[in-house]
Amino acid sequence: MTAIPPSELDRPALARGRSAADADLRSVSAAIRRAEFGDRLRSLALAAPLLVLLALSFGIPIVLLLSRAVYDPTIANALPQTSQALSGWSGSGLPDDAAFLALAADLKDNQAKGTAYELAKSLNARLPGARSQVLKTVRQLEGAGDRPPLEVVKSVPFWSQPGTWPAIANGTHAVTSFYLLSALDLRWNADGSIERVPPEQAIFLQVFMRTFFVAAAVTLATLLLGFPLAYLIASAPKGLAAILIVAVLLPFWTSILVRTAAWTVLLQKFGLVNDLLLWLGVVDDRLDLMYSRIGLIIAMTHIQLPFTLLPIYSVMRTIPPSQMKAAYSLGGRPFTAFRRIYLPQVFPGVMAGCLLTFILCLGYYITPALIGGASDQLISNFIANYVNVELNWEMAAALSFILLVFTLALFGIFARILGLDRLKLV
Amino acid sequence: MMLSPYPTTGERIRIGLLWLWCGLVILFLLVPILIPVPLSFNSGSFFIFPLEGISTRWYEVVLGTQRWQSAIGNSLLVAFGTTLIATTLGTMTAIALADEKFPGRRIVMPLLLSPLIVPVVITAVGSYLFYARVGLASTYAGIILAHTALASPFVVVTVAASLTGFDRNLMRAAAISGAKPVRSFFTVMLPLILPGVLSGAAFAFVTSFDEVVVVQFLASANQRTMPLEMFIGLREKLSPAITAAATLMMGLSIVLLVVANILARRGQKRPAKGA
Amino acid sequence: MKITKTRLLALAAATAWMAIGHAAVADELSIMASGGAWQDAQRKAWFEPFTKETGTKIVEQEYLGDLGKVKAMVDTGNVPIDLVTVETATVLQGCDAGILERLDYSKIAPRDKFLEGSALDCGVGLDAYGDVLAYDPTVLKEAPTSVLDLFDTTKFPGKRAMRKFPAQNLEWALMADGVAPADVYKVLGTPEGVDRAFKKLDTIKKDIVWWDAGAQPPQLLASKEVVMTTAWNGRIQNAIDKDGAPFKIVWNNQILEYDMIAIPKGAKNPDLAYKYLAYISQPENNAKLASYITYGPVRIDAASFVAADALPKLPNAPEHLKGAYLVADTEFWGDYGEDLVKRFNAWLAQ
């Protein structure tokens, strides 16, 4: 926001009232303060509806979502007696029979309340295979008849395996680091230190790396394509520049979905891009561009190009061409002049454009979903998948949490170096 | 980039290459958005050039079948609802923030802009889980609310930009002449900042009209919008009807945003979006 | 301020009205199905005749494979759908999870009149379909003879499309690796068996394009994006019959499954839902679907009602059961489904 002219009222001076302060002046200053207070209230009241609406429709949902990443009371709620019985447990070996008995009682309660499945699923997230074992035990408890519950539980080997009880004990803490660690392919091991999950379960670091790689590749591609064009527009005569800028803005104003749709048509095996490559003799055989990394990067580069280009252009426009002429006339070779005079000045624009593109790429969802293959899905696609398909909302929350931290950190850098003003381009 | 009066061969080559490169980049920018247009008038049902013939049959599909009609209706309802709320509240907030005495402006502004920063999947998932709990999932109201969050930053920014050119003394003059604040807003301030407000409204409309991620999570079949219908079509049955829908959406967005930018330019020297 | 305030109130009222206005209206049955040719067929065979007969309007919703939406509805008690079509494994999971209502078969049809495994506690069968292989003979010079040819990339180079789901793919992988159809589920029930299946899938992973909506396979074949694809037989037959596509179906090693329909817990019109279930479970109605899409009836006594021209195209026509085939083990997928989906997704991401 541009600065607003300072108030014509010099408040401190009025408030101090100088040495010859008299009652009149004091009452005037009080009146002004009262009036200012009223103004403030009024402007707060004006802004309040939107702020409240944003808090309700955006702020609270996101806070609640993120809280799921660290707060999961399912097991604690489902196993109150067990968690009590486990409070004195050392954490190694098997707990005493009281814990087994408490578990049996809790399982029965869950069956009665219809929450056994929730518990089984939640435990399964921490302990693969637990789901069917919990349900099995619940069924056996139900049909046990006269058999003592302790015996029933102990007859299921699962409850005597080494990993089971630590997982339960961990689960009874509603505040948990489990999901956040999982989102980084980490977990607590039995002796209380953090370790990497086995390779066949490790997904997310790879997905984060992939997301960063795609974002970096797209950023670089947009810079290579955008910088020269920005330079040309900035130095072209007015009429031509206007036409060129429209060429940049037209795609900018077209929605991501529409442009992704266009690329799905273009990238088909029998689509135009393949036709063109074949006709030019670049390839002998049609390429598989749909559902591929390269197709994804091409489409994302197209979508992001204006975001990189426009900030660069807006800085270039402020650099008078006479500067370069002066550099030439002073004997600077074109490349030297460009590197030493021009580049340092446009650098903030380049930074702004590239950071913006990089940050926006981290959150891509539509384009990878439609153009990428299974191994080109980015972090947002995994978040959506955990919500819709796997129904594991805690995991979705943990991944969102990490994605958001990265995004906000990068924006923090952006705002710090370049100021929020440049965001207006978005 | 123009040549200097006495260009060297090296300079000619460099500038020739620059033009060539930029020409290719322009093609890269424009061809993909222009491709759906001719394809949408294709009479055949494949995406292959040369066209089999010119026809408007795919537009008839989009404008004539119940499925697309209700999608268009939903899109318009949601977009107008969003525009109305986002413009009203966004304008009020921008006016409040333009007052330098507004407490905590430095904190409020980034908060207002945060819907633009947070990856949209997170917004969509968050509102989906929360709205389901309060009974707003699968309702128009829920979608409008979520879209308002996404659209209102544009309104705040454009109106704030137009307010920088507004002389607050005019309001004081109106107050001294005895006008109540509401009256002076409608008779003095609004006419002057109207271009900014309208341009913000256009941005809000387009933001909602083009949005697909939030809708994907929040909408049930009854609230399917045009972008969602397109998204499903793209995944399932790629038919040229999609190119027709894309052309329509693109046309509407471009017209609205051109108008918005002209308005923004007229209202203020520094437009909010674009150069 | 006053004007904006009243305007705000009006807006609030309007949005509240919209929210309420959405609530289900009586005598409307909301059915969520998985779209495409299959939903079109259901509309003609069942929705429209049902409306004609009972006056109950059917509101169709489309299902993008996201049980998440159903779960969210049930969890929050806001269930705007009355019936949802699902796969058998999902029925078992949804039953355990309390997402689906336990059915009262006395309101539908005698349970023993259904094919074995097609009348479950929380879901009743709609039709029997086959997971088959489809290809375009104008693209593939040599015709595949079994679904397992998916795994032969030397004889059939090029991309192949498979469903983004572990079920069927793991079975086929094991069979391609030499496991006899009768032993598939026994092997798959062991950790080593699962590893073995994934290892086999690894050999063709880079050649696979994944589909998740039933309408995609014919699309992928038509655009020549893939040389062969797994598919639900009806979707391919539909493309052949209705769009004149030149596709061919390979039945050898097909996997037979049932489509199911279920009532989500807390649905608002259970009586209407049961009325609909009873309607489509009558033998003559149950057989009607086959005329619109080549899926077989699930009622044992419905076979005689199937239109004569549709019969030879059904997945359980004698002609199509001559080669090897496998009947999907619902119990197995109910038990292991969730863990295998998890493992599968991790495998996909790597």
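Observations on the model:
- When the residues of the range A:283-303 are filtered to those that are more than 9 Å from every other protein chain (Cβ to nearest Cβ) and over 30 Å from A:LEU360 (Cβ atoms), the one that is surrounded by the most Cβ atoms within 10 Å (Cβ to Cβ) is A:VAL283.
- Residue count for the range A:105-114, restricted to those that are of a type in the set (A, V, I, L, M) and surrounded by fewer than 23 Cβ atoms within 10 Å (Cβ to Cβ): 2
Residues checked against (1) in contact with a Leu (Cβ under 8 Å, 6 or more places away or on another chain); (2) in the same structural domain as B:PHE209 (by TED's automatic domain parsing); (3) at pLDDT 95 or above:
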{"position": "B:TRP68", "(1), (2), (3)": "no, yes, no"}
{"position": "B:ALA86", "(1), (2), (3)": "no, yes, yes"}
{"position": "B:GLY90", "(1), (2), (3)": "yes, yes, yes"}
{"position": "B:GLU100", "(1), (2), (3)": "no, yes, no"}
{"position": "B:ARG105", "(1), (2), (3)": "yes, yes, no"}
{"position": "B:PRO115", "(1), (2), (3)": "yes, yes, no"}
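- Among the residues of the range C:129-141, those identified as of a type in the set (A, V, I, L, M, F, W, C) and at pLDDT 95 or above are C:VAL132, C:LEU133, C:ALA134.
Per-residue answers, yes or no, for (1) under 30 Å from A:ALA174 (Cα atoms); (2) of a type outside the set (Gly, Ala, Ser):
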position	(1), (2)
A:LEU44	no, yes
A:ALA69	yes, no
A:ILE75	yes, yes
A:ALA102	yes, no
A:ASP106	yes, yes
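- Qualifying residue in the range A:115-122 (condition: in contact (Cβ under 8 Å) with a residue 40 or more places away in the chain, crowded, with 21+ Cβ neighbours inside 10 Å and in a helix (DSSP H, G or I)): yes
- Among residues of the range C:305-322 that are free of Cβ contacts under 8 Å to residues at least 60 places away in the same chain and among the hydrophobic types (A, V, I, L, M, F, W, C), none has a beta-carbon under 7 Å from a residue that is exposed (fewer than 14 other Cβ atoms within 10 Å of the Cβ) and outside any helix (DSSP H, G or I) at least six positions away or on a different chain.
- When the test is whether a residue is crowded, with 22+ Cβ neighbours inside 10 Å, assigned to a helix (DSSP H, G or I), modelled with pLDDT under 85 and not basic (Lys, Arg), B:ALA264 passes it.
- Any hit, the range C:148-166, residues being more than 18 Å from C:TRP211 (Cβ to Cβ), of a type in the set (Ser, Thr, Tyr) and within 23 Å of the chain's Cα centre (by Cα): no
- Lone qualifier among B:LEU198, B:LEU257 - being at the interface with chain A (Cβ under 8 Å from one of its Cβ atoms), in contact (Cβ under 8 Å) with a residue 24 or more places away in the chain, surrounded by fewer than 24 Cβ atoms within 10 Å (Cβ to Cβ) and more than 25 Å from B:THR139 (Cα to Cα): B:LEU257
- Test: B:LEU89 is of a type outside the set (Gly, Ala, Ser), facing another protein chain (nearest Cβ under 7 Å), part of a helix (DSSP H, G or I) and surrounded by fewer than 23 Cβ atoms within 10 Å (Cβ to Cβ): no
- Test: residue in the range C:255-265 that is among the hydroxyl-bearing types (Ser, Thr, Tyr), crowded, with 18+ Cβ neighbours inside 10 Å and more than 14 Å from C:ASP127 (Cβ to Cβ): no
- Counted residues, the range A:245-262 - those being under 24 Å from B:LEU17 (Cβ atoms) and facing another protein chain (nearest Cβ under 7 Å): 4
- A:ALA217 fulfils the conditions (1) free of Cβ contacts under 8 Å to residues at least 12 places away in the same chain; (2) surrounded by 14 or more Cβ atoms within 10 Å (Cβ to Cβ); (3) in the same structural domain as A:GLY349 (by TED's automatic domain parsing) except for a single criterion, (1).
- Total residues in the range A:174-226 satisfying the condition of being among the aromatic types (Phe, Trp, Tyr) and farther than 19 Å from A:ASP376 by Cα: the figure is 3.
- Note on the range B:126-174: among residues that are among the polar types (S, T, N, Q) and crowded, with 24+ Cβ neighbours inside 10 Å, the one that is farthest from the other protein chains (Cβ to nearest Cβ) is B:SER162.
Yes/no per residue for (1) assigned to a helix (DSSP H, G or I); (2) buried (at least 22 other Cβ atoms within 10 Å of the Cβ); (3) within 7 Å of another protein chain (Cβ to nearest Cβ):
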| residue | (1), (2), (3) |
| --- | --- |
| A:ARG42 | yes, no, no |
| A:LEU50 | yes, yes, yes |
| A:ALA55 | yes, no, no |
| A:PRO61 | yes, yes, yes |
| A:LEU66 | yes, no, no |
| A:ASN77 | yes, no, no |
| A:LEU86 | yes, no, no |
| A:PRO95 | no, no, no |
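- Taken over the range A:304-315, the criterion of being hydrophobic (A, V, I, L, M, F, W, C) and more than 10 Å from chain B (Cβ to nearest Cβ) is satisfied by A:PHE307, A:ILE312, A:VAL315.
- Among residues that are more than 10 Å from every other protein chain (Cβ to nearest Cβ), in contact (Cβ under 8 Å) with a residue 12 or more places away in the chain and of a type in the set (Gly, Ala, Ser), A:SER155 is included.
- The range A:130-144: number of residues that are surrounded by fewer than 16 Cβ atoms within 10 Å (Cβ to Cβ), within 11 Å of chain C (Cβ to nearest Cβ) and not charged (D, E, K, R): 0
- Flag if A:LEU240 is in the same structural domain as A:ALA352 (by TED's automatic domain parsing), in a helix (DSSP H, G or I) and modelled with pLDDT under 95: yes
- Members of the range C:65-80 that are within 18 Å of the chain's Cα centre (by Cα) and assigned to a loop (DSSP other than H, G, I, E, B): C:GLY65, C:ASP66
- Only a single item in (1) in a helix (DSSP H, G or I); (2) closer than 24 Å to A:ALA397 by Cβ is not met by B:LEU198, and it is number (2).
- Filtered by the rule that a residue be outside any helix (DSSP H, G or I), among the hydrophobic types (A, V, I, L, M, F, W, C) and surrounded by fewer than 20 Cβ atoms within 10 Å (Cβ to Cβ), the range C:195-226 gives C:ILE204, C:TRP210.
- Which numbered condition B:VAL214 misses (of (1) more than 8 Å from every other protein chain (Cβ to nearest Cβ); (2) in a loop (DSSP other than H, G, I, E, B); (3) touching a helix residue (DSSP H, G or I) at 6+ places or on another chain (Cβ under 8 Å)): (2)
- C:LYS342 vs. criteria facing chain A (nearest Cβ under 10 Å) and within 21 Å of the chain's Cα centre (by Cα): yes
- Residue list for the range B:94-109, filter: surrounded by 15 or more Cβ atoms within 10 Å (Cβ to Cβ) and either over 14 Å from A:ASP39 (Cα atoms) or more than 8 Å from chain A (Cβ to nearest Cβ) (or both): B:ALA94, B:ARG105, B:VAL108, B:MET109
The values are calculated or read from the model by the stated rules, or taken from the named source; none is laboratory data. Just so you know, these numbers come straight off a predicted model, no measurement behind them. Here Cβ is always computed from backbone atoms with ideal geometry, including for glycine, and neighbour counts include all displayed protein chains.
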